[in-house]
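Here the structure comes first, spelled out in structure tokens, and everything after it is commentary.
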Amino acid sequence: MEKLANYINGQPTAPQSGKYLDNYNPAEGKVYSLIPDSDANDVAMAYTAAENAFATWANLPSAQRAQILSKIADLIDRDLEKLALAESIDNGKPVSLARVMDIPRASANMRFYATAAMHFASESHLTEGEAINYTLRTPIGVVGCISPWNLPLYLFTWKIAPALAVGCTVVAKPSELTPMTAFLFSQLCIEAGLPKGVLNIVHGLGPKVGQAIVEHPKITAISFTGGTVTGKTIAATAAPMFKKLSLELGGKNPNLVFADCDFEKAISTSIRSSFSNQGEICLCGSRILVERGIYEKFVNEFVAKTKQLKVGDPQDNTTNLGALVSEAHMKKVLSYIELAKQEGGKILVGGSQAKVFGRCENGYFVEPTVIVGLNHTCRTNQEEIFGPVVTIIPFDDENEGVMMANSTPYGLAATIWTENLSRAHRVAQQVKSGIIWINCWLLRDLRTPFGGMKQSGVGREGGWEAMKFFTEAKNVCVKI
Ligand code: NAD
């Protein structure tokens, strides 16, 4: 069985403990590779490599850093099919999705920040008649990047690319549930000539490897994407050391549909924003709030379209929903469907584990599920489920819709469907989410600030925000 390796000091490296963890193919429900069960010793080794590499990498002209990062992007493009298949096998998502979303976005992340490295500039402030201030931005040092399983290579590169672009060196940890593409990525880094120690990838469990990265006294900043509960642990661990933190956490995103929307577009995009990647995207709109005038029509049409979705073998190009990432996650999602029933919800479609025959008969599939009849305050409508499960809730007017949209502890993303221009802008201002889409969903410009309010996170990624996060600003005041 294939054994994955850590990537430390430019080399594939076995864990010092010699121990490995099972890595599952969730569509088949069976182990297909082994990943290093690393610990604090491996993190310490990765840190030393990153520290030794720091001065040279930070002082390299940005154009040279850009060249290497662009080369990695080119290699991702070259290996598109191989990486898409690997992502699909590791995560359970349809290969057709990985081919058009995950892997192209991973190379776009690398290329975007490669070019950004050459455009990054800092401010100057003239104090009239007295002084000129200029801001120096220098890479903060060795940083930790910890990423989740839902968009494995996509979110892994989204963190490490800006860190590397500004001249930081990195100790990174992909999710233990989906380590494969980060492992393949390490091979591409070697091929691209990334100097040793600049990027180090340590595989293993969150409470062991992730915690060791956060606890390491000399890792100066942590960029984390994952669940809100983990985010709290990280914040509590990092706070006494005054580490810089960027936390991208969970969501319970409202999809607000007004009666004056373009109905067909609202329906077809809402199907995507509900069930893409089996609903395992932090930006999915899991609470569909519909103005009462079109509620019944919307529910009927949405349910009809949901019934057309095919749950199946992720390697079949006609599959819409693949497997959930793990048995534990599947059970969690199914438990929320049970909770919804206990809370009085009515399941209009789905509601059970999906059976896929043949190769995938032991896989972790869940039917796309639509639930109505629940109050916006119940647990089903307040807690993140992170699966192919949505609720539809009617509202009477704009104020009520906004109130419901803002009624959870989360504030990551929101979608607004209306053809009324004033309403679109008004509601966008009132909804407490870091990302608002009007008449679209998941339309991303990598320059824009990305992140959540309330318990959906701290800080922003994207564009200059991420570059600033990984640098330390220093003001120099010159008397004139
Ligand atoms: P998770 O919090 O369980 O794990 C995320 C990463 O943190 C993994 O690599 C894990 O090993 C590691 N980890 C776990 N415990 C740790 C600890 N104590 N210290 C350091 N690292 C630790 O999240 P997940 O289940 O992998 O991902 C799903 C969650 O991620 C959902 O809540 C989803 O909303 C969120 N998410 C958010 C965004 C965003 O941009 N806001 C994007 C994708 C996913």
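Brief remarks follow.
- First in the stretch 372-397 and without any contact (Cβ under 8 Å) to a residue 60 or more places away in the chain and not assigned by TED's automatic domain parsing to the domain that holds THR228, second anywhere and in a helix (DSSP H, G or I) and open to solvent by 10 Å² or more (accessible area, probe 1.4 Å), Cβ under 7 Å, 6 or more apart: ARG379/LEU339; THR380/TYR336; THR380/LEU339
- Of ASN6, ASN25, ASN91, all but one fail to be within 20 Å of ASN277 (Cα to Cα), touching a strand residue (DSSP E or B) at 6+ places or on another chain (Cβ under 7 Å), assigned by TED's automatic domain parsing to the domain that holds THR169 and modelled with pLDDT of 95 or more; the exception is ASN25.
- Of the residues making up the stretch 351-369, at least one is crowded, with 22+ Cβ neighbours inside 10 Å and among the aromatic types (Phe, Trp, Tyr).
- Qualifying residue in the stretch 31-52 (condition: touching a residue at least 12 places away in the same chain (Cβ under 8 Å), assigned by TED's automatic domain parsing to the domain that holds GLY206, aliphatic (A, V, I, L, M) and within 27 Å of MET118 (Cα to Cα)): yes
- Count of the stretch 406-428 residues which are outside any loop (DSSP other than H, G, I, E, B) and either more than 20 Å from ILE271 (Cβ to Cβ) or acidic (Asp, Glu) (or both): 10
- Residue list for the stretch 52-81, restricted to those being basic (Lys, Arg) and either open to solvent by 50 Å² or more (accessible area, probe 1.4 Å) or under 22 Å from VAL100 (Cβ atoms) (or both): LYS71, ARG78
- For the stretch 1-13, a residue qualifies if it is assigned to a loop (DSSP other than H, G, I, E, B) and surrounded by 16 or more Cβ atoms within 10 Å (Cβ to Cβ), and the qualifying residues are LEU4, ALA5, ASN9, GLY10.
- The residue of the stretch 224-244 that is farthest from ARG460 (Cα to Cα), among those that are near the ligand (Cβ under 10 Å from one of its atoms) and assigned to a loop (DSSP other than H, G, I, E, B), is GLY227.
- Residue check, LYS196 open to solvent by 10 Å² or more (accessible area, probe 1.4 Å), modelled with pLDDT of 95 or more and within 16 Å of the ligand (Cβ to nearest atom): no
The values are calculated or read from the model by the stated rules, or taken from the named source; none is laboratory data. All values derive from a computational prediction rather than experimental measurement. Cβ coordinates were reconstructed from backbone atoms using ideal geometry, including for glycine residues, and neighbour counts include every protein chain displayed. When the accessible area is computed, the model is the full protein with side chains, heavy atoms only, and any ligands, DNA or RNA have been set aside. Shrake-Rupley method; radii C 1.70, N 1.55, O 1.52, S 1.80 Å.
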